[in-house]
1. Filter segment 137-189 for residues that are assigned to a helix (DSSP H, G or I), under 17 Å from residue 37 (Cβ atoms) and more than 13 Å from the ligand (Cβ to nearest atom) and give the result.
2. If you take the residues in segment 17-42 that are of a type in the set (Val, Ile, Thr) and closer than 19 Å to residue 142 by Cα, which one is nearest to the ligand (Cβ to nearest atom)?
3. Checking the conditions here, which among 132, 87 is small (Gly, Ala, Ser), out of contact with any helix residue (DSSP H, G or I) (no Cβ under 9 Å at 6 or more places or on another chain) and within 13 Å of the ligand (Cβ to nearest atom)?
4. If we scan segment 147-158, do we find a residue that is surrounded by fewer than 18 Cβ atoms within 10 Å (Cβ to Cβ) and free of Cβ contacts under 8 Å to residues at least 24 places away in the same chain?
5. Starting from residues that are within 18 Å of the chain's Cα centre (by Cα) and farther than 22 Å from residue 133 by Cα, keep the ones in segment 58-84 and report whichever is farthest from the ligand (Cβ to nearest atom).
6. Looking at this structure, is residue 170 in contact (Cβ under 8 Å) with a residue 12 or more places away in the chain and in the same structural domain as residue 58 (by TED's automatic domain parsing)?
Amino acid sequence: MGAPQTDVLSIEEIPVNDQVDLGSVALVTINRPDKLNALNADVMASLKSMVSWVEATDSVRVVVLTGAQPNQPPEGKRTKPNAFVAGADITEFVGKRSDDIRSMFTDNAVESLWNLSKPTIAMVDGFALGGGCEVACSCDLRVASDRSRFGTPEINLGLIPGYGATQRLVRLIGYGKTMEMVMTGEMIDANEAHRVGLVNHVCSPEDLRNYTLDMARLIASKSSNTLRVGKQTIRSALDVGLTEGVAIEAEAFASLFDSEDKDIGVEAFLSRETPQWKHK
Ligand code: COA
């Protein structure tokens with residue numbers, strides 16, 4: 001099955017290694033730069049198809065999600081600002097009532113992304129606001145350019161976040177900072193986002209792609225099975241108490257002793273070779 005490209009979402013498969021076939025990193029670009037990559041129904045449907053494709057395609061090891069760069073403006077017009085995603089498409093809120101929104105939010109794309117079993121990295125260059133901040137929070141890691149800004153401005157629309165920020169953001173940056181962001185609607189810059197733990201790394205816009213892809217390739221070079229078990233196990237820490245979580249980890253750790261990749265990894269270490277993972 002080929003990558004599900006659409007008008008609003010493109011997917012580039014980048015080899016993990018040029019010499020050996022270690023699969024690919026899927027670089028997924030949300031492509032509505034004239035609307036600062038706002039999440040309309042087409043983007044959400046495309047994201048869901050992308051997630052299904054990634055889940056079904058063994059050769060894809062890691063997903064990097066980003067927003068398209070601004071288009072060249074028409075003569076005499078200003079260049080639009082850089083954005084990862086400037087939120088849900090506000091024009092789609094007009095005339096909607098609660099029942100419309102409930103059906104939109106059932107089984108939504110942000111949850112699909114969150115539930116993807118493979119590692120995901122948000123590569124943020126510019127505004128990551130509202131649903132954009134939430135899409136970033138639904139990835140496992142976030143790398144941002146130093147000109148990026150994060151925020152949950154829904155309060156200014158008479159709303160609160162709806163794609164998980166009140167839950168996932170609290171777990172990333174804590175109760176107090178989440179309250180501040182949600183209640184004031186003010187943006188924070190990339191360095192502040194890094195300081196509070198929202199962003200893993202900050203770099204210049206010029207370095208962003210290489211830095212993020214290097215990180216994606218590094219992760220992609222590990223055992224897919226071990227990564228999947230690790231992701232699932234760390235996720236459990238968000239839902240269960242410490243005692244139960246430690247027991248979940250011990251069981252996951254034990255289960256990996258039946259995996260081929262544990263034998264491969266341990267033998268490679270002892271014979272000072274590079275492990276050749278099965279990637280199952
Ligand atoms: N939904 C729909 N369209 C959006 C959008 C959104 N969330 N965010 C930006 N756009 C559109 C603008 O309407 C504008 O379209 P136009 O040029 O056809 O008129 C275009 O993207 C560029 O945005 P603009 O507002 O002109 O850029 P700016 O530099 O003046 O301001 C922002 C940038 C990010 C501060 C501003 O666009 C903004 O506040 N966006 C909404 C953020 C938000 O509230 N998100 C949460 C939604 S729940």
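1. 137
2. Filtering segment 17-42 for residues that are of a type in the set (Val, Ile, Thr) and closer than 19 Å to residue 142 by Cα, the one nearest to the ligand (Cβ to nearest atom) comes out as 30.
3. Of 132, 87, the one residue that is small (Gly, Ala, Ser), out of contact with any helix residue (DSSP H, G or I) (no Cβ under 9 Å at 6 or more places or on another chain) and within 13 Å of the ligand (Cβ to nearest atom) is 132.
4. Within segment 147-158, one or more residues are surrounded by fewer than 18 Cβ atoms within 10 Å (Cβ to Cβ) and free of Cβ contacts under 8 Å to residues at least 24 places away in the same chain.
5. 61
6. no
The values are calculated or read from the model by the stated rules, or taken from the named source; none is laboratory data. Treat the numbers as computed from the prediction; the structure is a model and nothing was measured. Reconstructed Cβ throughout: ideal geometry from the backbone, glycine too, with neighbour counts over all protein chains shown.
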